[in-house]
1. Counting DSSP beta bridges with both partners in segment 75-228, what percentage is antiparallel, nearest 5?
2. Over segment 142-181, one equal point on each Cα, no solvent: what is log10 I(q)/I(0) by the Debye formula at q = 0.34 Å⁻¹?
3. Let me spell out the model: positive unit charges on the Cβ of Lys and Arg, negative unit charges on the Cβ of Asp and Glu, origin at the Cα centre of the chain. What dipole size does that give, in debye rounded to 20?
4. What is the Rg over Rh value, at two decimals, for segment 2-133, using alpha-carbon atoms and the Kirkwood definition of Rh?
5. Using a 7 Å offset from the Cα along the Cα-to-Cβ direction at both Asp113 and Tyr289, what is the distance between the two label points in nm, to one decimal?
6. Which ³J(HN,Hα) values, rounded to whole Hz and listed in residue order, are derived for segment 150-164 from phi using the Karplus coefficients 6.51, -1.76 and 1.60 in 6.51 cos²θ - 1.76 cosθ + 1.60 with θ = phi - 60°, glycine and proline given as x?
7. Grab the alpha carbons of segment 244-354, take their convex hull, and tell me the volume per residue in Å³.
8. Roughly what percent of Cα-Cα pairs across segment 95-185 reach past 18 Å?
Amino acid sequence: MKAIQVTGYGDVDMLQLVEIATPEPGENEVLIQVKACAINNTEIWIREGAYGTGSKSGWRPEGVHFPRTPGSDIAGTIVKAGKRVDTSMIGKDVVLFPFTSSGREGAEHISEDMSFIGSEYDGGYAEYVVWPAELCFNMPLPNYTESAVFSVSGMTAWHMIEQIQAHPDETVVVTGANGGVGSLNVQIASKVFGAKVIAIVGDLAVTDKLKKLGATHVLSYKSAHLAKDILEVNGGPVDSVLDVVGDALFPTSLQVLKKGGKFCISGSAGGRHTDLDFRTLYLKHLTFYGSVLGTIEEFKRMLQAISEGKIEPVIDKTFPLEQAPEAQVYFKKTGKLGKIVLLPGNDPIQTKEV
């Protein structure tokens, strides 16, 4: 089969198209023919060494071992079952819960042995992938490409919003609202939890699209008076901030939060280190959450909301598998809206037969 492998730390030239043997499913696993695999920051940062190198590079203490096939947002068709798997699963169209864990129910994502597909396991930048049968769920939409964009970004966004316990009478600021997690934060906070959403982006050309996704107001982080702009459109401080940017917007976030407000972060594309005056934290009674991924039950609730049409896929562009390096370069481009998806097949949009 064809696969893209990361051969070491570095630029996109470390992504190599190779021909390797199709993997065999273990006794509790299935073999999935990958129809679509969306790109996430995680596989780029692992390649770049942004999480560290050697033993600090992955989710587990031993670090990432190269070569590794990346890719965690996967939709496809089960084509083979291990000997302990019911053969009725063959032919099912599925999306993959993206990690294994021995953690108890509700705490799978914080288990010490949490292991991520595309990091500790070979992932979806390939024509086929093996995965535990119990972690394969029915595809929420009839379109492979659209179904592939939720697993990591969607679960991360869903978990963030459950953490802050958003309500219909609250206002939530979403930074990086044009990105994969951000655009889903806008939809989930507004359309599932009923909150008012102020979306923060760089280019206001995406304003109409974000309002269709549920944003009440769209503001640019390029404004010299962003905090003032937020306070004005909201008529005062906001209840929560969902952040994927980090340092660049951290001071603004603290400034616009009300007393008793909540700050939840799942990314740091705008800077991994910041200054914090602890007096702001305790005098405003703020609650901070660090967030990534989520639980299996949250994943199921998200898939149900997708199947009910409450959350829509937002896709900026698709690329064939062979163009994974170009796709990762494009992923880092500013101004895009939504997810970038790799397609191992030749069809620009892959839809299952119905």
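1. Among the beta bridges of segment 75-228, antiparallel pairing accounts for roughly 45 percent.
2. -1.15
3. 860
4. Answer for segment 2-133: 0.97.
5. Those two pseudo-labels are separated by 2.8 nm.
6. Taking θ as phi minus 60°, the curve returns 10, 3, 8, 4, x, 5, 4, 4, 4, 4, 4, 6, 5, 5, 7 Hz for segment 150-164.
7. 162
8. Across segment 95-185, Cα pairs with separations above 18 Å total 56 percent.
The values are calculated or read from the model by the stated rules, or taken from the named source; none is laboratory data. Small disclaimer: the values here were computed from a predicted structure and weren't measured. Neighbour counts run over all protein chains shown; Cβ positions are idealised from the backbone, glycine included. With ligands, DNA and RNA removed, areas are computed over all heavy atoms of the protein, side chains included. Shrake-Rupley method; radii C 1.70, N 1.55, O 1.52, S 1.80 Å.
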